[in-house]
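One structure is given here, and the rest of the page talks about it.
The values are calculated or read from the model by the stated rules, or taken from the named source; none is laboratory data. Just so it is clear, the structure is predicted and the values come from calculations on it, not from any experiment. Cβ: placed from backbone, ideal geometry, glycine included. Neighbour counts: every protein chain shown. Only protein heavy atoms, including side chains, enter the accessible area calculation; ligands, DNA and RNA are left aside. Shrake-Rupley method; radii C 1.70, N 1.55, O 1.52, S 1.80 Å.
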2 protein chains.
Amino acid sequence: MVSPAIRVAPSAANRALNLLRTVQYTHPPNCPCHKNPNHHHNHQQTPSLLNHVKRRMSTPVDRSREKEYAFEMAASSIRFGPGATKEVGMDFTNIGAKRVCIVTDSNVAKLDAMKQAVEGLTREGIQFTIFDKVRTEPKDSSIKEAIAFAKPYKPDAFLAVGMRRLCNRHCQTNEPIHRLPRSRLPRLRQRTLRQRPAGRQTPPPLVAVPTTAGTGSETTGTAIFDLVSKKAKTGIAHRNLKPTLGICDPLNTRTMPSAVHAASGLDVLCHSLESWTAIPYNERTPRPTNPINRPAYQGANPISDIFSLAALRSTVKYLPRAVRDPEDHEAQSEMLLAATLAGVGFGNAGVHLCHGMSYPISSQNPGYKHAGYEVDHPIIPHGVSVAVTAPAVFRFTAASNPDRHLAAAEAFGVDISNVKRESAGEVLGAAIAEFLATLGDQPRGLKDLGFKAADLDGLVDGTIPQQRVLMLAPSLSKELEAEKGELRKLLEQSLDY
Amino acid sequence: MVSPAIRVAPSAANRALNLLRTVQYTHPPNCPCHKNPNHHHNHQQTPSLLNHVKRRMSTPVDRSREKEYAFEMAASSIRFGPGATKEVGMDFTNIGAKRVCIVTDSNVAKLDAMKQAVEGLTREGIQFTIFDKVRTEPKDSSIKEAIAFAKPYKPDAFLAVGMRRLCNRHCQTNEPIHRLPRSRLPRLRQRTLRQRPAGRQTPPPLVAVPTTAGTGSETTGTAIFDLVSKKAKTGIAHRNLKPTLGICDPLNTRTMPSAVHAASGLDVLCHSLESWTAIPYNERTPRPTNPINRPAYQGANPISDIFSLAALRSTVKYLPRAVRDPEDHEAQSEMLLAATLAGVGFGNAGVHLCHGMSYPISSQNPGYKHAGYEVDHPIIPHGVSVAVTAPAVFRFTAASNPDRHLAAAEAFGVDISNVKRESAGEVLGAAIAEFLATLGDQPRGLKDLGFKAADLDGLVDGTIPQQRVLMLAPSLSKELEAEKGELRKLLEQSLDY
């Protein structure tokens, strides 16, 4: 119970008294003994508080083994509607922004989404500049290039148009960003580490307009890059990096070719399946001692589950229609919504094996050029590299939670009423393989992408560093050699089916 | 397509050129002709933009009849977990707050939630003061009282512990706040009108810790009060007023008496049922000309639907257990989660008839004192005043969307496979009445609360001003006399059942 002494009436005299009492109840702000809960101290305390603190400190525990007990959900505000892009100028006026830096790439800059955005800003008399040099595989130097462009312009807000490029990398972090020492990180991240900080540390508003239905980047706070000096893929992953507002305008995805609908939709499929089957948040270790260290990729939780399952059901229903018929605007719109829902789901739960293995699959591409992608170099689209291992992955993970895997199979339309729990993996794996086959020109395994058995060890070695996502994989061994063996088996089973 | 001229390389020369071009593309910031889309102008424009603007302006339309085409979802970040309250001190440290104003009432101040919060702040060395004079029916003077208390303390953040009091009023706004002229509103609202404004206009961070499982206030941006000079219930309703973080700690609801579990759970039930059945967002008129005028209570939409239906299913499953057994902590925890989910649902879709009629039911209380509420004055708890009309309300609204009402009946466990669509209202109404009966000491209609047939006209007159929620009611007539007749009939049908 709170001492009545600190509940005071708002008279001037009492306010003064209250201030004194507050000081009495309050330690000097930087008292180091409060940073370490295992360190005793001898501050003046009211007896009850002191006893409580003593009680807490009497039993030292190995925190690295303590399991998590809470989860935290955060998502950008989302506006969804055909034509909503043109409102973006008013949004910037409404937040008081007068100089906007638009960030895009040279392809997206030619799309109608960009035209609508530029016209929206122009109508409102907002000044803007356009950075159209976003790279597919950004290095820290790419980020510095963007900063060097934006800084002299002194924008008070940012507008991202098209974010497909960011997706390829959302899983490729060797270690959680908050565990890297500050000196290893670019300045940008140091400015944005704190959650919604008071005053000037708040990052400027960011409005994000997706032009594909896949990444869900408009809801997540992850940006990945090569830290060249350390030869490491790492990233800035923080809830504070979430866009202020995501504008999901189904008119903006109508220009996607059928092959892009399919590949980006497969990303949505795996976002939802992986986050739905990720280890539960309360099985994750270690429990963070400070809530700021609770990762966004925290494991499945009751709220992310709602998003992931809804996105999965929608994808199964609408993706084949969106791929088949370029005029099926209802299906395309539903896929954009599914991508956003899946983004909220995996953005707060995480992804695991399909995404973990997709990185070496993409980067060790033996020369495969996906049909329908008009580029002059070999390419395994991100969604394709993710989905190719999905049948094997979910056969493997089913043992961790057969009921969840049966529910996923049911979302694919399987009648599970007579399926035994031990068959959950087989049934879901088959359902996924069958679903992939309905989408047209999809590879039937890694062999179709040009990989041979001799390539498997390289793929395993490329997967192992993806610990940020592998730690969320159910059923996976924690011992390195065993883990390698399991990954190798999954990749082997993915050679063809 | 965007002119290549405005996509520039980031060299210094090009940046200068780009600035010039940007100016060319940009109107003076305060040009009034852009505030009114029906007003012609003769600015220098590039031909394509000019043609586009001309085309838009050549067909004047009656915007008041245009239906909405977009929806916008926003919710606070939510942390959920038993014991999470004690993390709140670290949260304030993490956001850089050093002086916190705790807002609570004198009853909640005695609860363990408050103790945990105070200890959390103390451990982190954060200074704080406590305002414990939150009122059940706040007037504008109550808000001024709180401001007068907080202002001299100069807090850089706020912590709300317990928000049950706010709930009673979330539906009692005569008109949407954004339509009131600025002069009619207290200063507070003028400071918070803009969405996440740049710089100093951002409201200070607010962390909210609910102590009941009902209102969902930890996720919503609505605060209601009596504007005494205008004899009007009005409110501050804006996404920017959402808490920065809601901490949902199931330990904090364990002390609720069974009657409070039941009453606050009935609020959750109606939040979910009303938001699930509210008119669809794209049937709402008028379409706002500026996204800032898109109300939070925008009608049902595909994302609010997910929350509302999940909350409904959880409430049906867990509320009877939470009411029956004070030791059923799983059910209590699930009800806290359901309250939050329903909060996100109705906070982005709205409520309608049950909430609209609950205001006069509560305020015109003939003398009913709800069992289990240890107060010295008559009281109809908010959840009870809301649920008492629910069977009649959903019988009435079913015609607007029988499928949705059947899905709701299914959530109550009804086998709907052989139910005809025209029976949806009957079936759902019966399911709700039966559910209420399982919760123990609930009134079986307005008569049990002491109302007589002669009181009905007064209740109708008290409901009519609640246009903010009535506008979301499906099936309700827009013509005043017809609307009154329908409300009277609903109240009459709610006298007993």
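Can you spot a residue in the range A:379-387 that is of a type outside the set (A, V, I, L, M) and outside any helix (DSSP H, G or I)?
Yes, the range A:379-387 has at least one match.
Take the range A:411-437 and flag every residue that is under 16 Å from A:C270 (Cα atoms) and either open to solvent by 30 Å² or more (accessible area, probe 1.4 Å) or of a type in the set (A, V, I, L, M, F, W, C) (or both).
Once the filter is applied, which keeps residues that are under 16 Å from A:C270 (Cα atoms) and either open to solvent by 30 Å² or more (accessible area, probe 1.4 Å) or of a type in the set (A, V, I, L, M, F, W, C) (or both), the range A:411-437 yields A:A411, A:F412, A:L428, A:A430, A:A431, A:I432, A:A433, A:E434, A:F435, A:L436, A:A437.
Looking at the range B:310-334, which of the residues that are touching a Ser or Thr at 6+ places or on another chain (Cβ under 7 Å), touching a residue at least 40 places away in the same chain (Cβ under 8 Å) and not polar (S, T, N, Q) is surrounded by the fewest Cβ atoms within 10 Å (Cβ to Cβ)?
B:P326
Anything in the range A:105-119 that is surrounded by fewer than 21 Cβ atoms within 10 Å (Cβ to Cβ) and within 21 Å of B:N290 (Cβ to Cβ)? List them, or say none.
Matches in the range A:105-119: A:K115 only.
Give the range A:392-403 a look and list any residue that's aromatic (F, W, Y) and either assigned to a loop (DSSP other than H, G, I, E, B) or open to solvent by 10 Å² or more (accessible area, probe 1.4 Å) (or both), or say none.
If the condition is that a residue be aromatic (F, W, Y) and either assigned to a loop (DSSP other than H, G, I, E, B) or open to solvent by 10 Å² or more (accessible area, probe 1.4 Å) (or both), then A:F396 is the only one that fits.
Quickly run through the range B:80-90 and pick out the residues that are in contact with a strand residue (DSSP E or B) (Cβ under 6 Å, 6 or more places away or on another chain) and either charged (D, E, K, R) or open to solvent by 10 Å² or more (accessible area, probe 1.4 Å) (or both).
Passing the criteria: only B:F80.
Kindly indicate whether A:T173 is of a type in the set (S, T, N, Q), modelled with pLDDT under 95 and surrounded by 21 or more Cβ atoms within 10 Å (Cβ to Cβ).
yes
Quick check, is B:N293 more than 13 Å from the chain's Cα centre (by Cα) and either surrounded by 24 or more Cβ atoms within 10 Å (Cβ to Cβ) or under 24 Å from B:S475 (Cβ atoms) (or both)?
So B:N293 does not fit the description; no.
Inspect all residues belonging to the range B:299-306 and state whether any of them is open to solvent by 20 Å² or more (accessible area, probe 1.4 Å), under 21 Å from the mean Cα position of the chain (by Cα) and of a type in the set (A, V, I, L, M, F, W, C).
yes
Please give the helices (runs of 4 or more DSSP H) falling wholly within the range B:31-135 in which 2 or more residues are modelled with pLDDT under 95, more than 8 Å from chain A (Cβ to nearest Cβ) and touching a Pro at 6+ places or on another chain (Cβ under 9 Å).
It comes to B:47-57.
Of the residues that sit in the range B:136-152 and are of a type in the set (D, E, K, R) and within 11 Å of chain A (Cβ to nearest Cβ), which one is surrounded by the fewest Cβ atoms within 10 Å (Cβ to Cβ)?
Checked the range B:136-152; the qualifying residue surrounded by the fewest Cβ atoms within 10 Å (Cβ to Cβ) is B:K151.
Just give me the residues in the range A:440-459 being open to solvent by less than 10 Å² (accessible area, probe 1.4 Å) and touching a residue at least 60 places away in the same chain (Cβ under 8 Å), in sequence order.
Once the filter is applied, which keeps residues that are open to solvent by less than 10 Å² (accessible area, probe 1.4 Å) and touching a residue at least 60 places away in the same chain (Cβ under 8 Å), the range A:440-459 yields A:L446, A:L449, A:F451, A:L459.
Could you look through the range B:250-276, keep only residues that are open to solvent by less than 20 Å² (accessible area, probe 1.4 Å) and touching a strand residue (DSSP E or B) at 6+ places or on another chain (Cβ under 7 Å), and pick out the one that is nearest to the other protein chains (Cβ to nearest Cβ)?
Only one residue tops the list, namely B:N252.
Given the criterion in a helix (DSSP H, G or I) and touching a Phe, Trp or Tyr at 6+ places or on another chain (Cβ under 6 Å), identify the matching residue among A:L436, A:L406, A:L428, A:L456.
A:L428
So for the range B:266-280 (the condition being at positive phi and outside any helix (DSSP H, G or I)), does at least one residue qualify?
no
Hey, can you tell me all the residues within the range A:378-391 that are touching a Gly at 6+ places or on another chain (Cβ under 7 Å) and open to solvent by less than 10 Å² (accessible area, probe 1.4 Å)?
Correct list: A:G383, A:V388, A:P391.
How about the range A:345-377: which of its residues are assigned to a helix (DSSP H, G or I), open to solvent by 10 Å² or more (accessible area, probe 1.4 Å) and not small (G, A, S)?
Of everything in the range A:345-377, just one residue is assigned to a helix (DSSP H, G or I), open to solvent by 10 Å² or more (accessible area, probe 1.4 Å) and not small (G, A, S), namely A:Y359.
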